[in-house]
Every structure is written in structure tokens, then in C-alpha cells.
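Worksheet: the structure to be examined is printed underneath.
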Amino acid sequence: MSKISTNDVEYVASLAQLELDAAAKERLVQEMGEILAYMDKLNELDTANVEPMMHAMEMTNVFREDVVESSISRETALQNAPVHDGQYFIVPRILEGDEA
Amino acid sequence: MTAWHEKTAHEIRDLVRRGEVTAVEVTKSYLDRIAAVESKVDAYTQVWSDYALEQAAAVDGRVRRGEDPGQMAGVPIALKEVLCTQHGFTTCASKILEGFRSPYDATVVRKLAQAGAVFLGKVNMDEFAMGSSTENSAIKTTRNPWNLRCVPGGSSGGSAAAVAADMCAVSLGSDTGGSIRQPACLCGCVGIKPTYGRVSRYGLVAFASSLDQIGPLTKDVQDAALTLSVICGKDPLDATSADLPAPDFTQALTGDIRGLRVGMPRECFTEALGPEMREKVVTAIDVLRQQGAEVVEVSLPHSEYAIAVYYIICTAEASANLARFDGVRYGFRHPDVKDVREMYVKSKSAAFGPEVKRRIMLGTYVLSSGYYDAYYLKAQKVRRLIKEDFDRAFEQCDIIATPTSPTPAFEFGAKTADPLEMYLSDIYTISTNLATLPGISLPCGLCASGLPAAIQLMARPFDEATLLRAAHCYEQNSGIQMGKPPIA
């Protein structure tokens, strides 16, 4: 039996903001099942006393002087936006209710 | 006389600086070469002919006026699609970034431009650098110049194919689990992944932030040392870049490796390695021995867990990094949506390719409530065990030598049906990323099939000098003539 079910795949897809057709779901049940089963190999190791390696480099608090530097213009910031009005990024309405 | 496009970067640089050839002549030679072979190799996603000639003319102007034209004067370079450039587009070979114009240049791009390099354009890759064959590109299929029925490797497949086919002097790639070294191996060129933190990641579109590094693919080791010297160093725009001096690595290429200890990890020379690849790599290690290195056996006992650790950590980080492609500030937005949630879902679902979706799904799963400890935390713990294996091995040796790839280039479609089998292509390269080490892939001959084989060398963190010295010594004494790939 696969490590994960169609329900699991649907739940993870909703977390990941993906919508999958039936064929893709079926494929992922099998592929993710195999890959996760392979990953279970890690359970052979006792890691109770091992500190997780949270960072690639053990460095903390990289500071710089608190000086304002130049940044990109509004026009440049908006140049790649799918929809904008020259001032703001435009997205579909989020809050319910009548036009303000 | 050798055509300009067959010369190395340091040869071009010296000739341009001395005024013996103009950067414009060199650039034209490369553009002609691209025009001649691109239809066979399909390495380039964008060729910037006019812009390249403008940059070259500016270099020539500096030479004429007696100004310093820089350490990469007139060297034609190809950039992986994952590197941000104000010129042209930055697509990550994904439909989701089709038409994206970066508002800024990556730090490596800025540094190369300041050093007088000439950008020829951008080259193909697996979508968001996820893959080992460049078959996951949403743009085109790049072929291996040594055999057009074979993949160039990945994810920096366009970078490797372009160098191998003399369509650029140097290319930049990125390496998260082997994406510079494995294609360099499959295409017969040199590829180095620097130590994590050596090169700024500013302007490298993030895949797995604790593993990604930018590095050069080149025709020889001297070019790798030269390019790395130009692009490395602390960058205020990347907090994870190391605060260390940016040395001139070409000074390390002394040819003298007497007394250097070279470790052969017994776990990398098992039955799993085919006899032909093994013979090539063992012969290459013998060259180092003949040059005065001492070869010792070392052990990396947790090697067999590296792929599992890697595909948990890289997918987890990828799922977080790729959440930004939400169709708001840049990238594709699905035209037919009724609310914000649907905008996210439909945009991502329509524009990400299957491998990217698979990794987002895996990463989301291993980070999800109830599985975080079992997968992600566990992987971070085993990552430390892998790093400690290397710490112990480097008490007994200065360099570790392994194959780069278990096999030479494979045919299109050979591994696409089984993602796990494709993931196993990275078996020798991913440990260096997990342990943050520098690694280099060097051509070490041709297999009977006519395809290149390669040896991988690794060194202690931030010891690229020793790594490049050993690599250069091997290259100068191997007696191997790789020749040129058999494309017209």
C-alpha cells in the first residue's frame, strides 16, 4: 500500500495552492509514495542526541549601518505586475461587501 | 590559427588586454559559432547579439584609451536563465516567469560586467533548476554536443552544452545538488561549485536557499579560478555571503601537490559504480599520486542517506521559496479568476511544470503538521551527521576524490518516467551541498561510447585554493586530450 492516499494528496495540494486533475493525483499518490518510502531509510539512524543543522553557515545577526539607501522606483516595481494602475498592484477583491 | 571561439577565457583576456585582438572580433567569432551550431545544440534561450557587440566595443574603447579593461576583458559569457539581469528576460525556464524583466542585476553579473566580460545571452536549464537532464525546461530541449541523442545533464545543461560546443568561453550555472558539476561531467567541461557563502546569491532566483551556490563552467581549470576570483566575496545584499577576502585563485595554481593527501571514500567506489567510470576515476587519482600526492582511504559512513536528506531539505525550501509566485507582483496570472484564492491556485497550477509541482508537493508534505519532525527535522539531523563525516575525513586528507556522476550522459527519456531514478543521478554530488563544501568536476577521458567521464574533487569549506591547485595539477599532467565534440 502506498505511503499516502488520494486524500493526503488532495490535502497537501490545497496547502500548496495547487489544483490537480485526476490523472495527476493518481500519479502523485504513486510517485510521492515511492519517494517517501525511500526517505524512510533515515529511520534506520538513531538521531535522538543529534542537533539539527538548521543553517548552512553558523552565523547570527548580520547587521549593517542603519542608513537609507536608494531603492527601485514605483514604476520599476510595477513593470512586471500582471495588473496595476500605475500606483498599486491590483488583485481581485478580498473583503466582502458593497463598493466603498 | 585556432579560431577565437576555441580559445580559453584567459587566452582571450590576455590577447584583448594586449590589443592583439579586439573584443568585437572575439564576440563576432562566438556569435558566428552560435549561429552555426545552435540549431543542433539548442543551448541558448536568448542571444543578445547587438548588446554583446556594444559591450565588446566598450571594452575595446577602454583598451584604446589605455584604461584597465578588467580581469575578464572581452571574455564572452553565457548566463543561466536563473540569474537576474536587467537586460533581456529572466525566466528560470518556466512559463510562470515568461517575459519577466528583472529590475536589477545579480551581484555576479554586476561583478563580471565591471571586470569587462561580454554577455552573449542566456542559456537553458531545468525549470527552476529542478532536474538532472534539462528535460524539465518549459522553453526548449538542449542536446549534448558529444551525442545529440543524449541529455546535457542538468540543471545547468545549457551552460555546460554552450561551453562544450564553444558557444561561449565561460558560462555561469547554479548548483543546489550537483547542477553545475553533473552537466559539466556529461558535457566534458570543468565546473566548480564554491563553498556555500563564497559567492553572493543576490539575484539568483532561489530554489533551496541553504544549498544554492553560483559557479562557473569553463574550458579549463585556470578559467574556473579566474572567474571564481572575479565573482566571489562578501556582498551586503546577501547576508549569507561569507565575510572573507576575495583571493586571486589563479595564484594557487602552482602545479605542486607534493604531500597533498587525497582521500578515496570507500562508500563511493562500490559495485554501484560501473566498471568503466570506476577505471577512469581510479586512473585519474593515480595521476595525482604520480605528482606526489598521498592517496588514503577514508570513510563517509552516512553517504547512503544523502539523497533522502537532500530531497527532504531541498523540496521543503523550494516549497517555501516558490510560494512567492502568486501572480500579484510579477509572473503569470490566470486571466479567469473570481477571487484571490483562485488567483493563486489557478496561476500556479497552469504555469508550473510537473517536476516543480512534484517538489512543491513533497516539500509541503514534509513541512506539514504531523510530518515536520518525522521528515524535515530528521533530515536536518542527518545533514549534520553527513557534515561530521566530512569533518572527520578531512582530518586524514586535504582533498576527497570521487566520480561526479555514476554514468555518462544518458538518452532523452531514459529517466523521465521514474523521478526517483533521476534523483539518483546526483548520488556523488549532493553531499558537498549538504556539507557546504566546494567541489569541482574535471573531465577525465572519454568512455567507449565517446561520451565524457569526470572525476569530482572536494575540499574543506573555503579551501578553494587547494581544490583548484589539485584540479589544475591533474589537468596539466593527465595526458588526456578530450578533443572537441563531434558537431560540425
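Observations on the model:
- When B:319, B:369, B:347 are screened for being of a type in the set (Gly, Ala, Ser) and in contact (Cβ under 8 Å) with a residue 60 or more places away in the chain, only B:347 passes.
- Candidate set from region B:293-312 (those that are buried (at least 19 other Cβ atoms within 10 Å of the Cβ) and more than 9 Å from every other protein chain (Cβ to nearest Cβ)); member that is farthest from residue B:368 (Cα to Cα): B:293
- Within the option set B:16, B:26, B:37, being farther than 24 Å from residue B:64 by Cβ and β-branched (Val, Ile, Thr) holds for one residue only, B:37.
- So residue B:407, is it under 24 Å from residue B:247 (Cα atoms), surrounded by fewer than 21 Cβ atoms within 10 Å (Cβ to Cβ) and either more than 14 Å from chain A (Cβ to nearest Cβ) or of a type in the set (A, V, I, L, M) (or both): no
Residues are listed down the side, and each one gets a yes or a no for (1) outside any helix (DSSP H, G or I); (2) more than 11 Å from chain A (Cβ to nearest Cβ); (3) surrounded by fewer than 18 Cβ atoms within 10 Å (Cβ to Cβ); (4) modelled with pLDDT of 95 or more:
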residue: B:362; (1), (2), (3), (4): no, no, no, yes
residue: B:377; (1), (2), (3), (4): no, no, yes, yes
residue: B:380; (1), (2), (3), (4): no, no, no, yes
residue: B:400; (1), (2), (3), (4): yes, yes, no, yes
residue: B:416; (1), (2), (3), (4): yes, yes, yes, no
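- Taken over region B:327-349, the residue count meeting the criterion of being in a loop (DSSP other than H, G, I, E, B), more than 8 Å from chain A (Cβ to nearest Cβ) and surrounded by 15 or more Cβ atoms within 10 Å (Cβ to Cβ) is 1.
- Within region A:76-100, being surrounded by fewer than 10 Cβ atoms within 10 Å (Cβ to Cβ) and more than 7 Å from every other protein chain (Cβ to nearest Cβ) holds for A:85, A:86, A:87, A:95, A:96, A:97, A:98, A:99, A:100.
- Condition check for residue A:48: in contact with a Phe, Trp or Tyr (Cβ under 6 Å, 6 or more places away or on another chain), part of a loop (DSSP other than H, G, I, E, B) and either at the interface with chain B (Cβ under 8 Å from one of its Cβ atoms) or within 23 Å of residue B:313 (Cβ to Cβ) (or both): no
- Test: residue in region B:212-232 that is crowded, with 24+ Cβ neighbours inside 10 Å, at pLDDT 95 or above and within 14 Å of chain A (Cβ to nearest Cβ): yes
- For the criterion of being crowded, with 23+ Cβ neighbours inside 10 Å, away from every other protein chain (no Cβ under 14 Å) and either aliphatic (A, V, I, L, M) or touching a residue at least 12 places away in the same chain (Cβ under 8 Å) (or both), residue B:288 passes.
- Scan region A:2-24 for residues that are in a helix (DSSP H, G or I) and more than 10 Å from every other protein chain (Cβ to nearest Cβ) and the total you get is 5.
- All of (1) assigned to a helix (DSSP H, G or I); (2) in contact with a helix residue (DSSP H, G or I) (Cβ under 8 Å, 6 or more places away or on another chain) hold for residue B:392 with one exception: (2).
- Number of positions in region B:99-154 that are among the acidic types (Asp, Glu) and either at positive phi or not in a loop (DSSP other than H, G, I, E, B) (or both): 1
- Against the criterion of being free of Cβ contacts under 8 Å to residues at least 60 places away in the same chain and assigned to a loop (DSSP other than H, G, I, E, B), residue B:272 does not qualify.
- Number of positions in region B:45-66 that are in a strand (DSSP E or B) and either in contact with a Cys (Cβ under 9 Å, 6 or more places away or on another chain) or β-branched (Val, Ile, Thr) (or both): 2
- Checked against (1) within 12 Å of chain A (Cβ to nearest Cβ); (2) at positive phi, residue B:420 passes all but a single condition, namely (2).
- Search result, residues across region B:49-74 that are closer than 30 Å to residue B:127 by Cβ, surrounded by fewer than 21 Cβ atoms within 10 Å (Cβ to Cβ) and of a type outside the set (S, T, N, Q): B:50, B:51
The values are calculated or read from the model by the stated rules, or taken from the named source; none is laboratory data. Bear in mind that the values here come from a model prediction, so they are computed numbers and not experimental data. Because the Cβ atoms are built from the backbone with ideal geometry, glycine has one as well, and the counts that use them run over all protein chains shown.
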